[in-house]
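Here the structure comes first, spelled out in structure tokens, and everything after it is commentary.
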Amino acid sequence: MKLTGVELRRISLPLVSPFRTSFGTETTRDALLVRVVGTEAEGWGECVAMSGPLYSSEYVDGAIDVLRRFFVPALGGSVSAVGVAPALARFHGHRMAKAALETAVLDAELRAEGRPLARELGAVHDRVPCGVSVGIMDSIGELLDAVGGYLDEGYLRIKLKIQPGWDVEPVAAVRERFGDVLLQVDANTAYAVSDARHLARLDPFELLLIEQPLDEEDILGHAELARLIKTPVCLDESITSARSAAAAISLGACSIINVKPGRVGGYLESRRIHDVCVAHGIPVWCGGMLETGLGRAANVALAALPGFTLPGDTSASSRYYRTDITTPFTLDAGHLPVPTTPGIGVVPLPDVLAEVTTSTEWLPL
Ligand code: NPQ
Ligand code: MG
């Protein structure tokens, strides 16, 4: 399809409650939306970078800059979704920015052809089981109230954010109060291999997994830790491509992988990671980056692939936002429906979008 231009749109959405992790506390989601305008259709992509380089090196102003100066000009006037990654291959890194642009082109192309993203990716389910990620709290009582509320809403799996000083105690308290609920933890790189004996104290709680306990570059450390604890090690930040996934699996650094399309450069690379993991018998699940309905719709499509055998961080819109920018995703018996209409299957609601937009920029092609 011929593309006429790309719009970069910054939005700011207040979170329903502060979300605290080992890297900081977020109270609003400042996100970047990419809209590509083609001759036959337009398409949307959500860039999952945070406003600061806290989860990874990427951040919103950096994504806008690299899109404006390098990625959009390199696209040229005519490109297909499968051509986006090759057109940007000479540029290092910036996978979240690349993913947003590729997703927008893919959405436009699929809309023009009347094909839903889920079918295009190879989805085999029409709804996906959902988990929820629960931030670090000021007290155990506050945590138990939050977890109880999410279980009442129907979430099928609880993930607790942990860090040194907030790990064994919250896990023990949730197990004690809520019994054998599906439970896992995410450290966002907050530990060192020397913490292995401490992390082994989580062994008795039969967690589904521990996500990214060590530094993102510490693949051998994760392999060593995996031998010292019973809880299965899952990698998030460390996995940036199908190649790095294959290496981590071969080195014994993880037995489960969290796939976030933004982190790995898009939905096409996400499918390759899925395929690598299925070939190795490694379960995958879909992570989350506090997406609006736009990013959420595409994540739900991905989570419907056959290898996604664990509930994702694909929570309902209401987990994060009082008003989403799309028709909200709502939980039905712990599941979200996979969109069935062409492309990612959703579009922003114009009035809400206008209200949350803080700036826009048009890049002609
Ligand atoms: C994770 N997500 O799995 C991430 C980390 C994360 C749902 O736990 C603003 C934007 C705040 C993105 C906080 C979940 C965020 C964010 C945490 C991503 O590691
Ligand atoms: Mg994580």
(request) May I ask you to list pairs of residues, at least six apart or on different chains, whose Cβ atoms are under 6 Å apart, with the first in region 256-269 being more than 19 Å from Leu310 (Cβ to Cβ) and the second being more than 13 Å from ligand 1 (Cβ to nearest atom) and among the basic types (Lys, Arg)? (result) Gly265/Arg95; Gly265/Lys98
(request) State the number of residues belonging to region 210-251 that are of a type in the set (Gly, Ala, Ser) and in contact with a Cys (Cβ under 6 Å, 6 or more places away or on another chain). (result) 1
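Filter region 247-263 down to the residues that are of a type outside the set (Lys, Arg) and closer than 15 Å to Ala63 by Cβ and list them by number.
Pro261, Gly262
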(message) Could you tell me how many of the residues in region 348-365 are among the hydrophobic types (A, V, I, L, M, F, W, C) and either more than 22 Å from Val16 (Cα to Cα) or part of a strand (DSSP E or B) (or both)?
(response) 3
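A short reminder: the numbers here are calculations on the coordinates, not readings from a lab. Owing to the predicted nature of the structure, the values given are computational and were not obtained by experimental measurement. Please note: Cβ atoms are built from the backbone with ideal geometry, for glycine as well, and neighbour counts cover all protein chains shown.
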